[in-house]
1. Looking at the range 90-133, which of its residues are open to solvent by 80 Å² or more (accessible area, probe 1.4 Å) and of a type in the set (Gly, Ala, Ser)?
2. Take the range 55-77 and flag every residue that is touching a helix residue (DSSP H, G or I) at 6+ places or on another chain (Cβ under 9 Å) and open to solvent by less than 20 Å² (accessible area, probe 1.4 Å).
3. Looking at the range 14-41 only, could you name the residues that are more than 25 Å from LEU126 (Cβ to Cβ) and touching a residue at least 60 places away in the same chain (Cβ under 8 Å)?
4. State whether one or more residues within the range 37-54 are part of a strand (DSSP E or B), open to solvent by 10 Å² or more (accessible area, probe 1.4 Å) and in contact with a His (Cβ under 7 Å, 6 or more places away or on another chain).
5. What's the total number of residues in the range 55-96 that are outside any strand (DSSP E or B), under 17 Å from SER35 (Cα atoms) and touching a residue at least 40 places away in the same chain (Cβ under 8 Å)?
6. Count, please, the residues in the range 46-63 that happen to be within 13 Å of PHE92 (Cβ to Cβ) and more than 10 Å from the chain's Cα centre (by Cα).
7. Does LEU101 count as more than 14 Å from GLY17 (Cα to Cα), part of a strand (DSSP E or B) and modelled with pLDDT of 95 or more?
Amino acid sequence: MSLLLAARKETRMNLQGGCFCGAVRYTVRGEIFNSTLCHCTDCRRVSGAPALAWFSARRADFRFTHGEPQRFASSEHVLRSFCPQCGTTLTFEDARWPEELDIASASLDDPEQAPPGDHTFVRSRLSWMKLDDGLPAYPTTRSAGK
């Protein structure tokens, strides 16, 4: 287990989610952590939104229950998944943290269960995307600090 995984604030959950059209469904049973609103260029581009909300879970606590997503490598270490029918962004996997999986918060049946705890990659934030929620904001990753 990575040191980052062990140090994160964790909350026990039993969550369900999936894509817009229902072709791909998943469940998360266990601890979730690192709930964030990511402002990086890649997340904005894959979602078509000014930022993308994610939360993390252990890969062992996540499984697809219906259908199978399509995957693509968006960078050297990163594999993203999405619904092959409707295009909904679903997951983000980084080979440098093989025990973790990031899940798109808005793909949950109840996204209120995983609200953002901070903002990451705010150095890439669009100028018209104002931050006024009082959450911590990091120029890049939270491990890199403020």
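1. Answer for the range 90-133, where residues must be open to solvent by 80 Å² or more (accessible area, probe 1.4 Å) and of a type in the set (Gly, Ala, Ser): ALA106, SER127.
2. Passing the criteria: PHE55, SER56.
3. First, the residues of the range 14-41 that are more than 25 Å from LEU126 (Cβ to Cβ): 14-19, 21-33.
Residues satisfying the conditions are LEU15, GLN16, GLY17, GLY18, CYS19, CYS21, ALA23, VAL24, TYR26, VAL28, ILE32.
4. yes
5. Kept after step one, since they are outside any strand (DSSP E or B), are these residues of the range 55-96: 59-61, 67-69, 74-77, 83-88, 95-96.
Remaining after also requiring under 17 Å from SER35 (Cα atoms): 59, 61.
Then keep just the ones that are touching a residue at least 40 places away in the same chain (Cβ under 8 Å); that gives 59.
Qualifying residue count, the range 55-96: 1.
6. Quick first cut of the range 46-63, residues within 13 Å of PHE92 (Cβ to Cβ) only: 46-47, 52-57, 59, 62.
Checking the rest, the ones that are also more than 10 Å from the chain's Cα centre (by Cα) come to 46-47, 59, 62.
Residues in the range 46-63 being within 13 Å of PHE92 (Cβ to Cβ) and more than 10 Å from the chain's Cα centre (by Cα): 4 in total.
7. On the way: more than 14 Å from GLY17 (Cα to Cα): yes; part of a strand (DSSP E or B): yes; modelled with pLDDT of 95 or more: yes.
For LEU101, the condition - more than 14 Å from GLY17 (Cα to Cα), part of a strand (DSSP E or B) and modelled with pLDDT of 95 or more - is met.
The values are calculated or read from the model by the stated rules, or taken from the named source; none is laboratory data. None of the values given here were measured: they were computed from a predicted structure. Cβ coordinates were reconstructed from backbone atoms using ideal geometry, including for glycine residues, and neighbour counts include every protein chain displayed. Just so you know, the surface numbers come from the protein's heavy atoms only, side chains and all, with ligands and any DNA or RNA stripped out. Shrake-Rupley method; radii C 1.70, N 1.55, O 1.52, S 1.80 Å.
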